[in-house]
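A quick write-up on the structure given underneath.
The values are calculated or read from the model by the stated rules, or taken from the named source; none is laboratory data. Nothing here was measured: the structure is a model prediction, and the numbers come from that model. Cβ: placed from backbone, ideal geometry, glycine included. Neighbour counts: every protein chain shown. Note: accessible area is taken over every heavy atom of the protein model, side chains too, but ligands, DNA and RNA are not part of it. Shrake-Rupley method; radii C 1.70, N 1.55, O 1.52, S 1.80 Å.
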Amino acid sequence: MRENTSEVKHKIWLSSPHMSGFEEKYINDAFASNWVAPLGPNVDGFEKDLECYLKNQSFVATLSSGTAAIHLALKLLNVTHGDEVLCQTKTFVASVNPVIYVGATPVFIDSETETWNMCPVLLEKAILDRIKQGKKPKAIIAINLYGMPYNVSKIHAIANKHDIAIIEDSAEALGSHYKNRACGTFGDFSILSFNGNKIITTSTGGALVCRDNNTKKRAIFLATQAKDPGIDYNHSEVGYNYRMSNILAGIGRGQMQVLEDRVQSRRKNYDYYKHALKNIDDIEFLNEPEHFFSNRWLTTVLFKTKTMRDFILNALLEENIEARPSWKPMHQQALYKNYPNYLNGVSDSLFDRGLCLPSGSNLSTLELDRIIDIINKYFG
Ligand SMILES: *Cc1c(COP(=O)(O)O)cnc(C)c1O
């Protein structure tokens, strides 16, 4: 055993994998039964686990990534060349890249301050403006950023009014809910990610949540090279190789057994930071509005100024602590800056002043205190 004093500079990760110990049993089962393939009992079991957890008519296809799930959702909504898709600008690039895969045009919508997610006022403005210009958007990609649900009631009321489908990007929000209903069940399609730093992980992986079983079957058809029924390998449309491995699904089954623990641990991190930093007026936390429940995937705070944020970010990095600015908005990316956008300055400000703090469910109090001490030192 090393002593605490010699551990002072050990690496603290932003959000590292946290195994339960149950995963290996499912992996061993896969080896024992030789289901080393992109199908098998773990894939079926993991899908069932997710369906039972999400409830509300959820039909889940587990896939190779969350990005693949967004791609399939767009295909299943028949989004194609020349179509427009409205997308929250404040997100990780994976939310938007699949819009390009299908040859469509992303149109970026800024955030509201209450949730940091898609601003309903700008959404409606954008829809009316696109229609006026002769092009009704084909879909909306709404994000539950950092685990905070988007304003489901308002966003869906607008989408329903204009009859536009919603893809709910819940990659960061498994375990969150809105009005007691699980995130991942609100979209016409919803997507989940099990990448290495998400609240539960299969190392890499994702899922598409469909609203009926026929759509799930169609998703699996597209995810397995779109092979027509029969033995002679007929293909009448383009498919993909997007299914999840039965080994990785075994990790998922083990992780599902501790999902609620992981949510509680991440929420405790948020509470711990908030309590410890409560006397610093220059730091702001994102509160849960009434009826919103966040899994607090990442505790992300706002500093009064960018200078302050940059100073703390660098101080943490120097101490071998992984921290990050909050996601750079898509409309600021070289890749996406020339696409249409509807902005209000909120996502720019969140990017300048926001800092993601280490938030793993396996952080110790000692580690949290090390981070807090560095921040407190700056503010005297
Ligand atoms: C992680 C993430 C994705 C992509 O998921 P992958 O499984 O990494 O492909 C999509 N959207 C958001 C908001 C994410 O954080």
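The residues on offer are ASN269, ASN287, and the sole one that is part of a loop (DSSP other than H, G, I, E, B), more than 30 Å from PRO98 (Cβ to Cβ) and in the same structural domain as SER361 (by TED's automatic domain parsing) is ASN287.
Suppose the filter is within 16 Å of the ligand (Cβ to nearest atom) and in contact with an Asp or Glu (Cβ under 9 Å, 6 or more places away or on another chain); does PHE186 pass it? For PHE186, the condition - within 16 Å of the ligand (Cβ to nearest atom) and in contact with an Asp or Glu (Cβ under 9 Å, 6 or more places away or on another chain) - is met. In segment 145-164, the condition of being open to solvent by 10 Å² or more (accessible area, probe 1.4 Å), within 16 Å of the ligand (Cβ to nearest atom) and aromatic (Phe, Trp, Tyr) is met by at least one residue.
Note on segment 301-357: residues that are without any contact (Cβ under 8 Å) to a residue 24 or more places away in the chain and not in a helix (DSSP H, G or I) total 4. Taking each residue of segment 25-38 that is outside any loop (DSSP other than H, G, I, E, B) and looking for partners that are open to solvent by 70 Å² or more (accessible area, probe 1.4 Å) with beta-carbon atoms closer than 7 Å, six or more apart or interchain, yields ALA30/VAL36. Against the conditions (1) touching an Asp or Glu at 6+ places or on another chain (Cβ under 6 Å); (2) open to solvent by 10 Å² or more (accessible area, probe 1.4 Å), SER95 satisfies every one except (2).
Does ILE231 fit the bill of being among the β-branched types (Val, Ile, Thr), in a helix (DSSP H, G or I) and open to solvent by 10 Å² or more (accessible area, probe 1.4 Å)? So ILE231 does not fit the description; no. Applying the selection to segment 66-92, what residues are out of contact with any helix residue (DSSP H, G or I) (no Cβ under 7 Å at 6 or more places or on another chain), open to solvent by 30 Å² or more (accessible area, probe 1.4 Å) and within 9 Å of the ligand (Cβ to nearest atom)? Selection gives PHE92 alone.
Annotation note: Cβ proximity below 8 Å between a residue of segment 196-222 that is in contact (Cβ under 8 Å) with a residue 12 or more places away in the chain and a residue that is near the ligand (Cβ under 9 Å from one of its atoms) and among the acidic types (Asp, Glu) (sequence gap 6+ or interchain) occurs for LYS198/GLU172; ILE199/GLU172.
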